[in-house]
Amino acid sequence: MRRFAAAAAGACAANATWWMQPILIGYLITNASLSAPLAGLLVSAEMAALAATSALIVRFAPHWEFRKTGLLGMGLAIIASIATLGLHQFVPLLIARCLAGAGVGAALVVSNRVVAGFDDPDKAFARINVVNLIFGALIVGLAPLLHGVSVTDPYAAILLALLALSVAMALLPKLRPPAANPEQAVGAPVGPLVVGPALVALMAITLIVGISSGTLWAFYGIIGGQAGLSVAQVDGAISLAIVAAIAGSAIGGLIGVRFGRLAPVLAALAIMTIGISMLASHPSAAGFRVATCANLAALYFVLPYVFGAAAALDTSGRGVSYVGGIFYFTGAVSPVLGGYLERVAGIEVVGAAVFVGSAIASLLFVYVQRLAKTAVAG
């Protein structure tokens, strides 16, 4: 239970800024006098720092003790978040938020590697997703209550969340990272983790799924408005979608690998593709609500299976940390990519691109499963 609580805390810390993205950008434009591109760049840079730090720790410091790594990361993120509250200029804000991203990136590594060592990582990742979704609803709801604390109110909410989550991280027992499990890793020799074809395929799947789902995130307000919904109704639709995502994660946690990984992943990718295609094709008000629910529910259903497949390749957790880092990297690039596609080709092209991407992701997961079966047979 202590390991699960600490792992959930690391995952929630990594997601705090992601959950707050729409609110943060609004506050930075209105209260910190940043332009929209600079506000977007600031948020994207933090997510990129998170992903990069996660990958660097896994690559160059895989033997760091988990509890110490997690607490040092949380401490760095807390200090950087405190510094953020007094900053108003872009460059100092950029430095502070990149340091905060680096700190939660370390916590994310600990979370992923701890969960990879569980007996059933697929179920564990699904349950952590449920905790993360509930956390997202709470932190987004908490932010308006801090109005007037500082010119960067949303960062005050993130700071309070990090302080609370650091207590849960401190519950983690002192654990030395396990050695890689080469006999379970497809094509991995004894020694350092080899980024083999199965792991590369899982990283590519995560990149496709993350970008596909996240590209339209920044445009939900616009799409909902075009569907005839008010701002309050769009917010209500997004809240309903979070409830659907909790249900999707919970169902994944209940099913686990009872039916294998392939069938659930293919079904979820098909549902996500339908939802995103609906969003990109000027939906009605009802269609918008259904599509947002389908998108988030499918995303949070499929991710634990992808992470679980990575954990099965290497139970030391280094492989799943690479995959997890890729997912958070999509949080940095998706808004930028979505804005570019919307300006250059229109939002409709996103639906077609997602259809192609989901087909590729499906084929890649079939390939991963075949590699896994071959390795077991061998």
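The values are calculated or read from the model by the stated rules, or taken from the named source; none is laboratory data. Predicted model, so just to flag it, every value in this text is computed and none were measured. Note that each Cβ is placed from the backbone with ideal geometry, even for glycine, and that neighbours are counted across all protein chains shown. With ligands, DNA and RNA removed, areas are computed over all heavy atoms of the protein, side chains included. Shrake-Rupley method; radii C 1.70, N 1.55, O 1.52, S 1.80 Å.
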Which value, in debye to the nearest 20, gives the size of the charge dipole of the chain about its Cα centre, when Lys and Arg are +1 and Asp and Glu are -1 at the Cβ? 760 debye
Label Thr30 and Val257 with points 7 Å out from Cα along Cα→Cβ: what is the distance between them in nm? 4.8 nm
Normalise the Debye intensity by I(0) for segment 297-378, one equal point scatterer per Cα, no solvent, then take log10 at q = 0.15 Å⁻¹ and round to two decimals. -0.71
In terms of Cα to Cα distance under 23 Å, which lysines are near enough to Lys68, apart from those fewer than 8 places away along the same chain? Lys174
Normalised per residue, the volume inside the convex hull of the alpha-carbon atoms of segment 229-343 in Å³ amounts to 117 Å³
Suppose we take every Cα in segment 2-58 and form the convex hull; what volume per residue is that in Å³? 79 Å³
Quick check: with the 1.4 Å probe, what order do Trp217, Trp64 take by accessible area, largest first? Trp64, Trp217
Which value, in Å², gives the accessible area per residue of the chain when a 1.4 Å probe is used on the protein heavy atoms? 40 Å²
Hey, what's the per residue convex hull volume over the C-alpha atoms of the chain, in cubic angstrom? 119 Å³
